[in-house]
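Reviewing the structure listed below.
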Amino acid sequence: MLKALFLDMDETLCDTPGANEQAKRLMAESLVAKYGDQFDGKAFADAYVTGIYREWTAEQHARYMPIIEQQSEEAFRVQLIHDLLVERGINERCDETAQALQDKFDQDRIDAFDFYPGIKEWLAEARQIFTLVVITNGPEFSQIPKVERVNMEAHVDHLIIGGQEPEEKPFPSIFRKALTLANCEAHEVIHVGDSLASDIAGANNSGITSVWIQHQRPLDAELGINPSHMIMHPDEIPALVEKLHRG
């Protein structure tokens, strides 16, 4: 019997890409307004988001990880903006500019952050039947404001933020914690998420039925990670959960 639902947050319950796009657009506009039409604001904003998601080269890893470990996530993000400005020939003293851009991006993204349509209402219904546990990867710096923006703790029974744990998804320890909180065995749970490497591999390795939200992406056979079930978009979660619950 299905007793609990483990749910990723970003790109599963909440439209993080939509919020990112809004913040990137506004960042690009502010850069063009400051530096002129010749400045490629869109390319800059794309590079910034790639950086904050830590899609780094080896050189960037060596540069930015010590900043995160010795200072803070915010210090890294400000430094990233500073470096991107310098790469584009903005060699003036730009610390204040970098901080202002960082602050604006964060605020614009939070302002646009929300549940996918219908998800909040479904959570209220699902909570009458299942124990709901959100397991989200990411640093406190970025995840706590998003959690607070949608008042996530009011909609689920338990919330686990990877940045507050010894290990994040896909490590089994975070799934074991969720099982303990839900007072369930692995076979009594499904985990729904959009990341093959984090959500699906983590659930599979923990003996939990996995549901992958594809978002139009093909299944990468080279990864060797096979979800138990696949859906295309979060709006398909309610119907699949009902089907699995009925057996």
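May I ask you to list the residues in region 182-204 that are closer than 17 Å to residue 137 by Cα and out of contact with any strand residue (DSSP E or B) (no Cβ under 8 Å at 6 or more places or on another chain)?
Within region 182-204, 195, 197, 198, 201 meet the criteria.
Could you tell me how many of the residues in region 209-244 are at pLDDT 95 or above and of a type in the set (Gly, Ala, Ser)?
3
Considering region 202-218 alone, what residues qualify as being closer than 13 Å to residue 8 by Cα and touching a residue at least 24 places away in the same chain (Cβ under 8 Å)?
Of all residues in region 202-218, those closer than 13 Å to residue 8 by Cα come to 202-203, 210-213.
Of everything in region 202-218, those that are closer than 13 Å to residue 8 by Cα and touching a residue at least 24 places away in the same chain (Cβ under 8 Å) turn out to be 202, 203, 211, 213.
Suppose the filter is surrounded by 15 or more Cβ atoms within 10 Å (Cβ to Cβ), farther than 27 Å from residue 105 by Cα and modelled with pLDDT under 95; does residue 158 pass it?
Numbers: surrounded by 15 or more Cβ atoms within 10 Å (Cβ to Cβ): yes; farther than 27 Å from residue 105 by Cα: yes; modelled with pLDDT under 95: no.
Answer is no for this residue.
Does region 185-207 include one or more residues that are in contact with a His (Cβ under 6 Å, 6 or more places away or on another chain) and more than 20 Å from residue 238 (Cβ to Cβ)?
no
The values are calculated or read from the model by the stated rules, or taken from the named source; none is laboratory data. Computed from a predicted model, the values in this text were never measured in an experiment. As a convention, Cβ positions derive from the backbone with ideal geometry for all residues, glycine included, and neighbour counts pool all protein chains shown.
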